[in-house]
Amino acid sequence: MNSPDADGLLAEQLLRLTRRLHRSQKRQLESADIAITPAQSRLLRTVAHYDHPPRMADLAARLEVVPRAVTSLVDGLEASGRVRRAPDPANRRVVRIELTDAGRDTLRQLRSARRAAAEDILAPLTAEQREVLGGLLSALVDGVPERRC
């Protein structure tokens, strides 16, 4: 049985690891001269997950933020040429958010920075340890205890 202190230590280690991952990714982005905030990065990735350009309300709901926050993020991404606002062909009062070529390029660079940061963090682990860690993290993310077969 885990003691509260052990769980607290695990939580602290996870937070420290997350911060380290973010710092490493930030260094990767800075070295590639990519100026984007973490919130803009998240919005860009979210837009890319839709099959069709989403509405601002769709993005706000998916990101669990108020619509005004999405407007500010889209403003910044639009100013940098990464997204554009486009009228919905079925209802011209509805605005959809589309990725631009620059936005897709930024997503590729973000993925590359994330991979490089992960490689840096995971370097001390063997392939087997990485596989075990992946399973454990999936169990935590999905909220389902890992089952040993």
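The values are calculated or read from the model by the stated rules, or taken from the named source; none is laboratory data. Just so it is clear, the structure is predicted and the values come from calculations on it, not from any experiment. A quick note on method: Cβ atoms are made from the backbone with ideal geometry, for glycine too, and the neighbour counts reach across all protein chains shown. Keep in mind that these areas ignore ligands, DNA and RNA; they rest on the heavy atoms of the full protein, side chains included. Shrake-Rupley method; radii C 1.70, N 1.55, O 1.52, S 1.80 Å.
What the table shows:
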quantity: Percent breakdown of C-alpha pair distances by 10 Å bin, ordered from the shortest bin, for region 1-141; calculated: 10, 32, 29, 19, 8, 1
quantity: Rounded tilt (10° steps) of 127-142 against the dominant C-alpha axis of the chain; calculated: 60
quantity: Those residues of region 39-72 whose amide nitrogen sits under 13 Å from the label point placed on GLU98, 7 Å along Cα→Cβ; calculated: 52-54
quantity: Counted charge near VAL65, where neighbours are those whose Cβ lies closer than 13 Å (Asp, Glu -1; Lys, Arg +1); calculated: +1
quantity: Reciprocal mean inverse distance between Cα atoms of region 42-123 - Kirkwood radius, Å; calculated: 13.5
quantity: Mean Cβ neighbour count within 10 Å, used as a protection proxy, ranking 46-52, 109-115 highest first; calculated: 109-115, 46-52
quantity: Nearest-0.05 FRET efficiency for LEU140 and ARG108, computed from C-beta distance (R0 30 Å); calculated: 0.60
quantity: Protein accessible area in region 28-142, 1.4 Å probe - carbon and sulfur %; calculated: 53
quantity: Tilt relative to the chain, helix 67-79 - C-alpha long axis, 0 to 90 degrees, to 10; calculated: 80
quantity: Cα pair distances of region 77-126 binned at 10 Å [whole percent]; calculated: 24, 30, 22, 15, 7, 2
quantity: Label-point separation, ARG20 to ASP51 (7 Å along Cα→Cβ), nm; calculated: 4.1
quantity: Size of electric dipole in the chain: Cβ of Lys, Arg +1 and of Asp, Glu -1, about Cα centre, debye, nearest 20; calculated: 460
quantity: Using alpha-carbon coordinates, inclination of helix 4-31 to the longest axis of the chain, degrees; calculated: 50
